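The values are calculated or read from the model by the stated rules, or taken from the named source; none is laboratory data. The shown structure was predicted, so the numbers you read here are calculated from the model rather than taken from an experiment. Note that we place each Cβ from the backbone using ideal geometry, even for glycine, and neighbour counts take in every protein chain shown. Only protein heavy atoms, including side chains, enter the accessible area calculation; ligands, DNA and RNA are left aside. Shrake-Rupley method; radii C 1.70, N 1.55, O 1.52, S 1.80 Å.
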Amino acid sequence: MSVSTAAAFALAAGSALALNWAYFTQHQQASRLPPLSVRRPVRSLLLLFSNRRWLLGFTIGIGGWVLYVAALSVGSLSLVQAASAGVGLAIFGLALLAVSLTRSSTTHPFAGHASWVGVAAWMAVTGGLAAAFAGPFSRLLAGGAGLGVAAGLCYAAGDVGTKAAVGGGARLLFGLPVLTAHGLGFVFLQLGFQRGGALTTAGVATLFTNAVPIAAGMVLYGDGLPAGGLGVARLLSFTAVVAGAALLTRGPGLPVDVVPAAPVSAP
């Protein structure tokens, strides 16, 4: 494993720890506040930012996102997102991913640039799905779950755009849609925290925030499959990360305030 790959793992792990604590704290405080509403954004933001403990969680989360951006600058999108998934089966997936990267990472520490059209289209489709889950689809799911899916999809769209933006140059123009996606993810997540438990909301958000960018890394950024057994290990790693996150969202007997491996994105 190359130095850049190891650095990406370390940065992503630090980011996950920071965001995990940040989400736990934000849920704990947001669930105790008067109802938040997108129709009264100023009042809702004042309620959040006037709560010192929520603000501390938000600040730690920003630090976690900075670490995530740093990880993306030295590692591939699928590698960084898999490292962020974190627990249980996801750790097994992380180990498999490391095995699958041992040969290619020494000469190609991270994948090339994706096309402008591909990144823009991916972000637009993901944003449309997020709107559907925040709206009509939310009625089909448990309280907070639809908004959790919407938040995860928005953060995932932002992560895909962030990987493009860290390439520098004209690709920095992706900065505005990235900030928009993270802003919407923030709104959906805070609303979800008031409508469902941390496990339901942040757990579902974790699944989509981690799984979608791993797929984007392979489809858009050329984090392609190596041949033979390493390719099988890469596919198994993706499956394990998704399964681990899915089990975390459904785990019986866990208290509602327990948050699974944090989605790596802006808080």
Relative contact order [Cα under 8 Å, 6+ residues apart], the stretch 121-168, whole percent: 43 percent
Per-peptide average of other Cβ atoms within 10 Å, ordering 32-40, 186-194, 160-168, 49-57 highest first: 186-194, 160-168, 49-57, 32-40
Additional length obtainable on full extension of the chain from V125 to V66, 0.36 nm per residue less Cα span: 18.7 nm
Zone residues, the stretch 17-40, relative to L46, backbone N less than 20 Å from point 7 Å out along Cα-to-Cβ: 30-40
Integer Hz, Karplus 6.51/-1.76/1.60 couplings in order for the stretch 120-126, x for Gly and Pro: 4, 5, 4, 5, 5, 5, 4
In order through the stretch 4-12: 3J(HN,Hα) via Karplus (6.51 cos²θ - 1.76 cosθ + 1.60), integer Hz, x for Gly, Pro: 5, 5, 4, 5, 4, 4, 5, 5, 5
Distance between modelled label sites at L172 and R39, nm, 7 Å Cα→Cβ extension: 4.1 nm
Solvent exposure of the stretch 14-64 as accessible area per residue, Å², 1.4 Å probe: 56 Å²
Relative contact order (%) - criterion: Cα under 8 Å, at least six apart; region: the stretch 1-58: 38 percent
For the stretch 135-144, Karplus couplings with θ = phi - 60° (6.51, -1.76, 1.60), whole Hz, Gly/Pro x: x, x, 5, 5, 6, 8, 10, 5, x, x
